[in-house]
Every structure is written in C-alpha cells, then in structure tokens.
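Next up is a structure, given as structure tokens.
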Amino acid sequence: MRREAKVTIVVLALLLVAFLLVYVAASGVAIVTAPVQPIDFFHRVHAGDKQIACEYCHRTAKSAALAGMPSVELCMRCHRVVIPHYREIQKLHRYWESGVPIPWQRVNRLPGFVYFNHQAHTVTGKLDCAECHGKTETMDRLVRTAPLTMGWCLDCHRKKRASMDCWACHR
Ligand code: HEC
Ligand code: HEC
Ligand code: HEC
Ligand code: HEC
Ligand code: HEC
C-alpha cells in the first residue's frame, strides 16, 4: 500500500473513534466502568451458577443504607476447601493470613453530598437489585450499568411517585 493511503486510513480511523466517543457522551449512555479488582471474582459463578443469594454477601442490602461488602472470613467459609490451590484463591488465602481486608475497587459511587439508602429502595420501593445494577449474575468482572446522575434518580422517582424533594437526597 502507498504511504499516503496508509496515513489516510489511520486519520479516518481516528476520526471515527472521536466521533463515537462524542456520540456516546452526548447520547447520555453510561460509559461502562469496570475497575480491575485485586482478586478476579466472578458474580456469574457465585450468584449465577452457584445461586448464592445477593444478601449472603451483601448482608445489609435490605436493612440499611449501605449494602455491605463480604469479609475475607465469609469467603474463607467456602474457600478453605473449594479450589484452594487455584491462583486467585491463593491470593485470598494470603489476605486471610495477613489479616488485611481485600481492597475491592468501588464500581458505583455517588458524590459525598448525595444521600442514598438501599433499604428505602429494596424494601420500601420493592425494587430488584437489577433495576440499578443490571444482570450481575451474568457478569464476570462487574460493570456499572447506571449513569448515577441526578437526572437518572429523578426519572425513576417521577415514574414511581417517590420523593422529588431536594432535601430527600441532599440533606
Ligand atoms: C458459599 C460458598 C462460597 C463463598 C461464600 C464464596 N465462594 Fe468463591 N466459589 C465457590 C464455588 C462453589 C466456586 C466454583 C468452584 C469450582 O469451579 O469448582 C467458587 C469460585 C471462586 C473463584 C474462581 C471463579 C471466579 O469466580 O473467578 C474465585 C476467584 C472465588 N470463588 C473467590 C471468592 C471470593 C473472593 C469470595 C468472598 C467474597 C468467595 N469466593 C466466596 C463458593 C463460594
Ligand atoms: C459470594 C459473594 C457474593 C455474592 C453472592 C454476590 N456478590 Fe456482589 N460483590 C461481591 C464482591 C466480592 C464484590 C467486590 C468485587 C466486585 O466488584 O466484583 C461485589 C460487588 C458488588 C457490587 C458493586 C459494588 C460497588 O462497588 O459498587 C454490586 C452492585 C453487587 N456486588 C451486587 C450483587 C448482586 C445484585 C448480587 C446478587 C445477584 C450479588 N452482588 C451477589 C460478592 C458477592
Ligand atoms: C435504586 C437503585 C439501587 C437498587 C435497587 C440497589 N442499589 Fe446497590 N447501589 C446503588 C447506588 C446508587 C450505589 C452507590 C451508593 C453510594 O455511593 O452511596 C449502590 C452501591 C451498592 C454497593 C456498594 C456499596 C455498598 O452499599 O455497600 C453494593 C454492594 C450494592 N449496591 C449492592 C446492591 C444489592 C445486593 C441490591 C439488591 C438487594 C442493590 N444494591 C439494590 C443503587 C441501587
Ligand atoms: C429505579 C427507580 C429508582 C431509582 C433509579 C432511584 N430511586 Fe430513590 N426511590 C425509589 C422508590 C420507589 C422509593 C420509595 C418511595 C416510597 O417511599 O414508597 C425511593 C426512595 C428514595 C429515598 C427515600 C425518600 C424518603 O422520603 O424517605 C431517597 C433518599 C432516594 N430514593 C434517593 C435516591 C437517589 C439519590 C437516587 C439516585 C442515585 C435514587 N433514589 C434512584 C425509586 C428509585
Ligand atoms: C432523588 C435524588 C435527588 C433529588 C430529589 C435531587 N437531587 Fe440533586 N443530585 C442528585 C445526585 C445523585 C447528584 C450527583 C450526580 C449529578 O451531579 O448528577 C445531584 C447533584 C446536584 C447538584 C450538583 C450538580 C453538580 O454537577 O455539581 C446540585 C446543585 C443539585 N443536585 C441540586 C438539587 C436541587 C436544587 C434539588 C431539588 C430541586 C435536587 N438536587 C434534588 C440527586 C438528587
């Protein structure tokens, strides 16, 4: 191929990428975020194949503001004996032995000035986790599926006749 032709193709490809990025940003589609986690943990295996209930690991998702994260001890209840020699489980054993909590990276996070409460949604609002978190039981690395903007909260609040009062979320 001639050199100019190659340059033209590269330039066109870059323009296409730029166009797509602007398009995605403008259309309000959530740009998927999936941070690399310290242990390659799959929801598909635990919540999907093995059908472990969400609340077994996220204990307070129906009783408090925060859903809560599983302790290393909870993982060890099974992984003392389940695939103990697998590389990722060896990492888990090292956290257990050193007493260091696993530094899971947050996937969904609101700014500090916003008040959010799980119980209000999962119990009072009778919403399924999937309404806001997608089909987690099919995910390998967990991804954020909602934009978490004020517009997103208000859209649903309007539909479900939940509070539209500023002080409900900004207290
Ligand atoms: C109730 C039992 C149970 C608990 C609790 C549990 N696991 Fe598992 N885990 C399993 C089973 C069963 C498998 C599948 C093993 C196989 O493939 O034979 C598995 C597989 C895995 C794997 C390999 C597949 C994958 O998902 O990537 C990793 C890594 C893992 N678990 C990490 C964890 C961590 C970290 C915790 C704590 C947050 C945890 N597990 C809690 C039962 C459990
Ligand atoms: C065996 C334990 C286990 C089970 C069962 C489980 N989770 Fe998790 N969950 C974790 C761990 C460990 C993390 C942190 C690592 C990650 O993000 O993948 C996590 C992270 C999450 C997060 C992201 C938290 C954040 O930082 O925003 C959501 C949302 C979530 N889980 C929802 C669910 C839902 C919904 C179910 C049931 C369908 C479920 N989980 C079942 C262990 C579990
Ligand atoms: C109405 C939307 C909504 C529903 C329904 C919902 N969540 Fe969440 N979840 C969020 C938001 C928003 C955050 C981030 C909260 C923050 O940063 O203060 C979050 C954060 C989390 C976290 C990480 C921080 C924490 O709270 O410990 C986990 C784990 C989680 N959700 C699990 C669940 C599970 C399990 C269910 C179902 C039982 C569920 N969520 C239902 C919106 C929701
Ligand atoms: C998918 C729908 C949905 C989404 C998305 C949603 N909410 Fe809600 N919210 C509800 C429902 C339903 C209720 C319960 C209404 C009732 O009291 O019956 C509720 C209740 C609340 C309450 C309690 C209000 C009160 O008066 O006690 C707060 C606070 C709240 N939501 C904040 C938020 C925030 C912040 C977000 C965005 C990060 C959000 N919600 C996103 C549906 C939603
Ligand atoms: C149902 C929950 C909810 C209600 C009700 C709500 N907000 Fe918000 N607000 C949010 C969330 C979530 C954010 C952070 C995400 C964002 O900036 O979109 C936010 C962000 C903001 C910001 C900061 C914007 C920025 O980008 O810095 C302001 C200012 C604000 N809200 C004002 C208000 C006012 C005024 C009202 C009442 C008319 C109100 N909000 C009602 C959820 C809510």
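The values are calculated or read from the model by the stated rules, or taken from the named source; none is laboratory data. Everything numeric here is computed off the predicted structure, so don't read it as measured data. Glycine gets a Cβ as well: all are built from the backbone with ideal geometry, and neighbour counts include every protein chain shown.
Per-residue answers, yes or no, for (1) of a type in the set (S, T, Y); (2) over 27 Å from P70 (Cβ atoms); (3) within 16 Å of ligand 1 (Cβ to nearest atom):
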{"residue": "K126", "(1), (2), (3)": "no, no, no"}
{"residue": "L142", "(1), (2), (3)": "no, no, yes"}
{"residue": "G151", "(1), (2), (3)": "no, yes, no"}
{"residue": "K160", "(1), (2), (3)": "no, yes, no"}
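Name the residues in the stretch 123-148 that are out of contact with any helix residue (DSSP H, G or I) (no Cβ under 7 Å at 6 or more places or on another chain) and in contact (Cβ under 8 Å) with a residue 40 or more places away in the chain, would you?
Once the filter is applied, which keeps residues that are out of contact with any helix residue (DSSP H, G or I) (no Cβ under 7 Å at 6 or more places or on another chain) and in contact (Cβ under 8 Å) with a residue 40 or more places away in the chain, the stretch 123-148 yields V123, R141, V143, R144, P147, L148.
What is the one condition in (1) more than 14 Å from ligand 2 (Cβ to nearest atom); (2) surrounded by 11 or more Cβ atoms within 10 Å (Cβ to Cβ); (3) among the hydrophobic types (A, V, I, L, M, F, W, C) that V82 does not satisfy?
(1)
Return the residues of the stretch 109-130 that are exposed (fewer than 15 other Cβ atoms within 10 Å of the Cβ) and under 20 Å from R44 (Cβ atoms); say none if nothing qualifies.
Residues satisfying the conditions are D128, A130.
Moving to a separate point now. Filter the stretch 34-48 down to the residues that are more than 7 Å from ligand 1 (Cβ to nearest atom) and of a type outside the set (G, A, S), then identify the one that is nearest to L110 (Cα to Cα).
Taking the candidates together, the pick is P35.
Moving on. R144 is checked against (1) out of contact with any Gly (no Cβ under 9 Å at 6 or more places or on another chain); (2) buried (at least 16 other Cβ atoms within 10 Å of the Cβ); (3) of a type in the set (K, R) and fails just one. What number does that condition carry?
Among (1) out of contact with any Gly (no Cβ under 9 Å at 6 or more places or on another chain); (2) buried (at least 16 other Cβ atoms within 10 Å of the Cβ); (3) of a type in the set (K, R), R144 violates only (1).
Kindly provide the set of residues from the stretch 129-159 that are within 9 Å of ligand 4 (Cβ to nearest atom) and acidic (D, E), ordered by number.
Hits for the stretch 129-159 are E131, D155.
Yes/no per residue for (1) more than 8 Å from ligand 3 (Cβ to nearest atom); (2) more than 27 Å from T33 (Cα to Cα); (3) in a helix (DSSP H, G or I):
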| residue | (1), (2), (3) |
| --- | --- |
| R77 | yes, yes, yes |
| V82 | yes, yes, no |
| L92 | yes, no, yes |
| V114 | no, no, no |
| Q119 | yes, no, yes |
| E137 | yes, no, yes |
| A162 | yes, yes, no |
| W167 | yes, yes, yes |
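Go through (1) under 27 Å from G112 (Cβ atoms); (2) within 15 Å of ligand 3 (Cβ to nearest atom); (3) part of a loop (DSSP other than H, G, I, E, B); (4) not aromatic (F, W, Y) one by one and return the number of the condition E55 breaks.
So the condition that E55 fails would be (3).
I want to confirm something. Restricting to the stretch 121-134 and keeping residues that are under 19 Å from R144 (Cβ atoms) and assigned to a loop (DSSP other than H, G, I, E, B), which single residue is nearest to ligand 5 (Cβ to nearest atom)?
L127
Something else about it: Select from the stretch 94-108 the residues that are surrounded by fewer than 10 Cβ atoms within 10 Å (Cβ to Cβ), in a loop (DSSP other than H, G, I, E, B) and more than 13 Å from ligand 2 (Cβ to nearest atom) and list them in ascending order.
G99, the sole residue that qualifies.
While we're here: Let me confirm something: among A67, A30, which residue is modelled with pLDDT under 90, surrounded by 14 or more Cβ atoms within 10 Å (Cβ to Cβ), of a type in the set (A, V, I, L, M, F, W, C) and not in a helix (DSSP H, G or I)?
A30
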